[in-house]
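The values are calculated or read from the model by the stated rules, or taken from the named source; none is laboratory data. Computed from a predicted structure; not experimentally measured. Quick reminder, even Gly has a Cβ in these numbers, built from the backbone with ideal geometry, and neighbours come from all protein chains shown. Please note that ligands, DNA and RNA were not included when accessible areas were found on the heavy atoms of the full protein model with its side chains. Shrake-Rupley method; radii C 1.70, N 1.55, O 1.52, S 1.80 Å.
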Amino acid sequence: MQTFAEALLSATSSFTTLSKQQVQQLQTHYDLMIHWNRTINLTKVTDPVEAATKHYAESIFLALQIPNHVKTIADIGSGPGFPGIPLAIVRPEISATLVESDHRKAVFLREAGFSVLIRRAQQLKQRFDCLVSRAVDPDEVAKLVGPELPHLGDQAFMLIKERSTWNTVARVPWDPSNVVATFHVKHIT
């Protein structure tokens, strides 16, 4: 049976190389998530191999799709910290804020050592270069970014809102039914 670290390195080897420090940081988050999952429902995916692929590798794949000029992101409905925590670990030049309305989950995220806003996304006053979301209904996220975003349906995805023009749909290498979708949305001043 593979350890989490082995599974993580295997799941990400086709698209990136993680440093020992990044693997350790992701391992620490995984261990903390498993510990907290015993008392609050953070995730149903706890198997090390499945978690490495479905939670961490997908989040890292998303992180690598974000252009280099992005400096701030908000992870909407962060839950156990996906995609925001792996994104922040792999792209430390990006300041990640986790947005979570569930107080218990927000306490977990703070214990994991990340900046957390305990509120619903609709209450955000701050401006971010980019919004990311993984486990939130795509149409709910679309309401945050305005009417110009196309209807996304029930497709599994991660969504990015960003200032410059870039529109892509990148299939996740190990699961072609999952995609990372990115859309340009104009900021309203």
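Quick notes on this structure:
- Segment GLN21-GLU6, length gained on full extension (0.36 nm per residue, minus Cα span): 4.0 nm
- Rounded percent of accessible protein surface that carbon and sulfur make up, region 1-113, 1.4 Å probe: 51 percent
- By average C-beta atoms within 10 angstrom, highest first, the peptides 47-60, 75-88, 114-127: 75-88, 47-60, 114-127
- For region 53-143, the number of Lys pairs separated by eight or more positions or lying on different chains, with C-alpha atoms closer than 24 Å, is 6.
- Three-way shape label, region 1-82, alpha-carbon gyration tensor, a/c 1.5: oblate
- Tensor-based shape of region 37-138 (alpha-carbon gyration tensor, a/c under 1.5 rounded, otherwise prolate or oblate): oblate
- Highest average first, the peptides 2-8, 64-70 ordered by how many other beta carbon atoms sit within 10 Å of their residues are 2-8, 64-70.
- The modelled label-to-label distance between SER13 and SER115, using points 7 Å beyond Cα along the C-beta direction, is 3.6 nm.
- Computed label-point distance, nm, for sites THR39 and GLN126 using a 7 Å Cα→Cβ extension: 2.6 nm
- Per residue, region 1-130 exposes an accessible area of 47 Å² to a 1.4 Å probe, with every protein chain left in place.
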